[in-house]
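A short worksheet on the structure shown next.
The values are calculated or read from the model by the stated rules, or taken from the named source; none is laboratory data. These numbers come from a predicted model, not from an experiment. With ideal geometry, Cβ positions are generated from the backbone for all residues, glycine too; neighbour counts draw on all protein chains shown. Only protein heavy atoms, including side chains, enter the accessible area calculation; ligands, DNA and RNA are left aside. Shrake-Rupley method; radii C 1.70, N 1.55, O 1.52, S 1.80 Å.
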Amino acid sequence: MKRRGLSLFVPLVALAACSAPRTERALPPVVAPAAPLHLPEGGAGELAQPAPLHHELLAIDLDTAVRVAAATRMDVELARVRVASAAADYEARTGALFPSLSPQILYESIEGHVRGIDGPLLAADFESLAPSLLLRWVLNPGKTIYERVAARRRLESAEHEERHVVQQAVAAAALQYYELALSSARLAVAERALRESEETLRLAQARRRAGTGRELDVAMAEGELARRRQDVVRALDRLYDASIELASTLRLDPAVTLVPSESALETRTLVDPERSLDELLELAIQWREDLAALRSALDAAQATHSAGRWQMFGPQIDLGYQFGSIRSETPGATYSTRSQDRVVAGAGLTLSPSAPGFLRGMSLLEDSASLAVQRRFEAVRAEVVRASRACRSAAERLPLARAELNGAEARLRLARAAVEAGTAVALEVLQAEQAESAARLNLSETVVHHNRAQVELLAALGLADEAAVLRPHVEAVGDAAP
C-alpha cells in the first residue's frame with residue numbers, strides 16, 4: 001500500500017526538478033573598427049582645471065565614471081531587485097508542483113459516551129495517540145504548468161531589462177562625462193581668450209604711451225576684455241552644472257566639483273563607419289535587451305492566457321497519501337501501536353460565469369504585449385537611423401573643424417604681425433582673436449558631438465556595455481594643456 005501511494009508522486013518530483021537556471025547572455029560582437037581612423041592633425045582641445053565650487057576638486061576619467069555608474073546607479077539596483085522578485089515568484093510557481101507535507105500528531109481522550117456508527121450512544125473511556133505524515137497534491141495540472149512557464153518568461157524579461165538598464169546607465173554616464181569634458185574645454189577656450197585679450201590690451205596701452213597707438217584701440221581692447229571675463233564666468237557655471245549632474249548619477253556628493261582627469265579631448269571610435277545601416281539594424285534587433293524583455297513579456301502573457309483557460313475549464317486533481325500509526329488505551333486493555341495508511345484521490349471541474357470576461361481580459365493583455373513589442377521595434381529603428389546619421393555627420397565635420405582652427409590661428413598670427421609692423425589696427429587683432437576662439441570652441445564641440453554620437457549609436461544597437469564603451473581606438477585632438 002505504501003509503495004503504491006508513493007508512486008503517485010514520482011512523475012511530479014521529476015517534472016518539478018526541471019527548473020531552468022538564470023539565462024546567460026552570449027558574448028556581443030565587436031563593432032569597433034579593426035584599426036584607428038587617422039584624422040587630420042591640427043588645433044587644440046585642452047581641458048581646464050578650475051577651482052572647486054564648494055568643498056574639493058575631484059578628477060575623474062571616463063573609465064571610472066562608466067564603471068561606477070554601472071555598479072551603483074539607483075535604477076540599476078531597482079532592476080536587480082525586480083530580477084530577485086521575479087526569481088522568487090518563479091521559485092514559488094515551481095514549488096506549487098510539489099505535494100505539501102503535513103506532519104501531525106493526534107491525541108484523543110474521551111470519557112463518557114460516543115455515538116456509534118448506526119446511531120446509538122455507547123459508553124466510552126479511552127485514550128489514543130496517532131502520529132502521521134500527510135502528502136497531498138491538489139492542483140490544476142495545465143494551470144500550474146503554464147503559470148510556471150509564465151513566471152519563467154517574466155524572470156527572463158526582468159533579466160533582459162536589468163541588462164538594458166545597466167547599458168543605459170553606462171551610456172548616460174559616458175554622455176554626462178563628455179558634457180563635463182565639453183564644459184571644461186569651453187572654460188579652457190574662454191580662459192585662453194581672456195589671456196589673449198589681456199595681452200592685446202597691454203600692447204594697445206603700450207602703443208598709446210609710446211604715441212603710436214590710438215585711444216580707440218585701447219577702448220575696444222578694454223571692452224573685449226570685459227566680454228571675455230563674462231565668458232569665463234558663464235563657462236564656469238556650465239562646468240559646475242555638468243559636475244553636479246554627473247555626481248548625482250554616480251551618487252557622489254554634489255558639493256564635490258568633478259573635472260576630467262585627461263588633459264585634452266580625444267576622439268573615440270566605437271562603431272566601424274563601414275557598417276551599413278542594414279547591418280546596424282540587424283544588430284539592434286538581435287542585441288537590444290529591451291526588445292528581448294518585451295518579447296519575453298509577450299511569451300509570459302501568452303502563457304498566462306493558457307493558464308487562464310486551464311483554470312476555467314481544466315480538471316482539478318486532488319491526491320493524498322497519509323501514513324502513520326495509532327495506539328489506544330482503555331481501562332483494563334491496551335492496544336499496541338499499529339500502522340495506518342490512507343490514499344485519497346479525486347478530480348473535478350470548475351465552471352464559472354466569470355470565465356468569458358476573464359479570458360477576454362487575458363486575450364487583451366496578450367494583444368497589449370504584442371503592440372508594445374511592435375512599438376518598441378519601431379522606436380529602435382528610429383534610434384539606430386538617427387544615431388547612425390549623427391555619427392556620419394560628426395565624422396565629416398571633424399577635419400573641417402580642424403582646418404577652420406588652423407586657418408583662424410594663421411589669421412591671428414598675421415594680424416598680430418601686421419599690428420607690430422604698424423600696417424594694421426587693433427580691431428583686426430580683436431576680430432582674429434574672436435574667430436580663433438570660435439574655431440577652437442567649435443572643434444571641441446565637434447569632438448564631443450562625435451563621441452556622444454558614437455555612444456548613442458552603441459546604445460541604440462544594444463551593445464553599450466562597459467567593454468564596448470571603453471574598448472575603442474582613441475586619438476588625441478591637438479596639444480595638451482600646459
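Ignoring ligands, DNA and RNA, what percent of the 1.4 Å accessible area of the range 240-393 is carbon and sulfur? Numbers along the way, then the final one.
Working: 4390 of 8210 Å².
For the range 240-393, the apolar C and S fraction of the accessible surface comes to 53 percent.
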| query | Roughly what would the spin-label model give for R251 and R214, points 7 Å off Cα along C-beta, in nm? | reply | 6.3
| message | Can you tell me the length gained on complete extension of the stretch R413 to M74, counting 0.36 nm per residue apart and subtracting the Cα distance? | response | 116.9 nm
| remark: Around A247 (Cβ within 14 Å, Cβ-to-Cβ, excluding A247; K/R +1, D/E -1) the net charge comes to -3
| request: For A206 paired with F377, estimate the spin-label separation in nm (one decimal), with each label point 7 Å from Cα along the Cα-to-Cβ line. | output: 7.1
| query | When only Cα pairs under 8 Å and 6 or more residues apart are kept, what is the percent relative contact order across the chain? | reply | 29
| remark: For 263-272, 181-190, ranked highest to lowest by mean beta-carbon neighbours within 10 Å, the order is 181-190, 263-272
| Among 94-105, 195-206, the order from most to least packed when residues are scored by Cβ within 10 Å on average | 195-206, 94-105
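At 222 nm, what value in deg cm²/dmol follows for the chain if DSSP H runs of at least 4 each add -39500 (n - 2.57) and the sum is divided by all its residues, to the nearest 500? Working shown, then result.
Working: 11 runs with 293 residues, N = 482.
About -21500 deg cm²/dmol.
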| query | Using the Cβ atoms and a cut-off under 12 Å, what net charge is assigned to the surroundings of A369, where Lys and Arg are +1 and Asp and Glu are -1? | reply | +2
| request: Return one whole number: the accessible area per residue of the range 63-221 in Å², for a 1.4 Å probe. | output: 50
| remark: Length gained, E396-S261, 0.36 nm per residue minus C-alpha separation, equals 45.8 nm
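Using the per-residue mean of other Cβ atoms lying within 10 Å as a proxy for protection, in what order, highest first, do the peptides 106-114, 224-232, 160-168 fall?
Numbers: 106-114: 10.4, 224-232: 16.4, 160-168: 21.8.
Ranking the peptides 106-114, 224-232, 160-168 by packing returns 160-168, 224-232, 106-114.
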| query | Tell me, what % of the accessible area of the range 90-134 is carbon and sulfur with a 1.4 angstrom probe? | reply | 60
